[in-house]
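Derivation of every value follows stated rules applied to the coordinates shown; laboratory data play no part. In this text, all values refer to a predicted model and were calculated from it rather than measured experimentally. Glycine gets a Cβ as well: all are built from the backbone with ideal geometry, and neighbour counts include every protein chain shown.
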Amino acid sequence: MPRRFGCAALVALALAGCQPAPLPADPALWRIDGPHGERGWLFGTIHTLPGPVDWRTSQVAAALRGSDRLVVEIATLDDATADALVFQRMAQAPAQPPLSAKLPPALRPALARLLAGDELDEAAFAHVATWAAALRLAQIAENSGTDRADASWGIDQALLAGRGDEPVIELEGMERQLGVFARLPEAGQRRLLADVIAGARGAVADSRRLAAAWRCGDMTTIAAETRRGMLADPALREALYTARNRDWTQRIATLLTRGLRPFVATGAAHMAGDDGLPALLAARGYRVTRIE
């Protein structure tokens, strides 16, 4: 039977900074059934966590055993060096204006505080594309707390490590995923940068709140997160979220049509609401049932 822990209790533990090792979790899991016997699973993950979590419930374990393909956003997450090289190559840009010149004046002091906290100055971004600077600064903001999250505790890496030699399919890959940001028009990249700076002070608290929601499978809270910050901007939401979900839905449907039994693990936000993978697959005629 699925383990059930009070969501309020899990949130209280997380927000109190109490970190038992590992924390129990009941993350959201769906089963996909097709009209011709197709079968697959959707599992909402979280990419970084501040410590170990006991996420492999009996339902998740059974789904993993029943699947024949692990499907993830990026299959190289266990090779940080390779992914960093891709980022560095794609982030390079011709000489750029100072970051402060790309921001509204009201946000420039917050940028200065964020840079100073990591002992950086604007010169470090002189040849870095705006989107890449935004992602780097978001990482700095999220790592500013004492209980900083770490990708090594993330569920994606744990799934990849536990799959052994069995086939892994990626929905995007690092280069394609970063390309989503790189293709944004400069105005969109600057809106992304502004949102990162505006939310920098609350980034750690936001990360902890999202982790707590993920642990107890609270998709209502996670769905609300997909309407905040950068995703509140219609153009950014379409490029960074909605269009990607539509593309992934097509890829998953193709796998099911081929007779494969995929265990699809993506960030839990991609499972949320009417634009999430469960809803989009249901709209294609699949029966999608939440089982955890």
Please compute the volume of the convex hull spanned by the alpha-carbon atoms of the range 146-292 and report it per residue in Å³. 137
P(r) of the chain over all Cα-Cα pairs, 5 Å bins starting at 0, rounded to whole percent, reads 1, 5, 11, 15, 18, 17, 14, 10, 5, 3, 1, 0
For the charge dipole of the chain, defined by +1 on Lys and Arg C-beta atoms and -1 on Asp and Glu C-beta atoms about the Cα centroid, which residue among Leu236, Ala200, Ala75 has the Cα displaced farthest towards the positive pole? Leu236
Using a simple charge model, +1 on the beta-carbon of Lys and Arg, -1 on the beta-carbon of Asp and Glu, nothing else, what dipole does the chain show about its Cα centre, in debye to the nearest 20? 700
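Of all trypsin sites (Lys or Arg not before Pro) in the range 171-250, which ones are in loop regions per DSSP and have a Cβ with at most 16 other Cβ atoms within 10 Å?
The qualifying sites are Arg183, Arg227, Arg228.
Please give the net charge around Leu111, taking every other residue with its beta carbon less than 15 angstrom from that of Leu111, where Lys and Arg add +1 and Asp and Glu add -1. Provide the component values of the computation, followed by the final result.
Values: positive: Lys102, Arg108, Arg113, Arg136, Arg190, Arg191, Arg201; negative: Asp118, Glu119, Asp121, Glu122, Asp195.
Residues near Leu111 contribute +2 overall.
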Expected vector for the range 74-83, Karplus 3J(HN,Hα) from phi with 6.51, -1.76, 1.60 and θ = phi - 60°, integer Hz, x for Gly and Pro, equals 9, 8, 9, 4, 8, 10, 4, 5, 5, 5
In a shell of Cβ-Cβ distance under 13 Å around Leu193, excluding Leu193 itself, what net charge do Lys and Arg (+1) and Asp and Glu (-1) give? +1
Return a whole-number percent for the relative contact order of the chain, with Cα pairs under 8 Å and 6 or more residues apart as the contact set. 35
Arrange the following residues from fewest to most other Cβ atoms within 10 Å of their Cβ: Ser58, Ser152. Ser58, Ser152
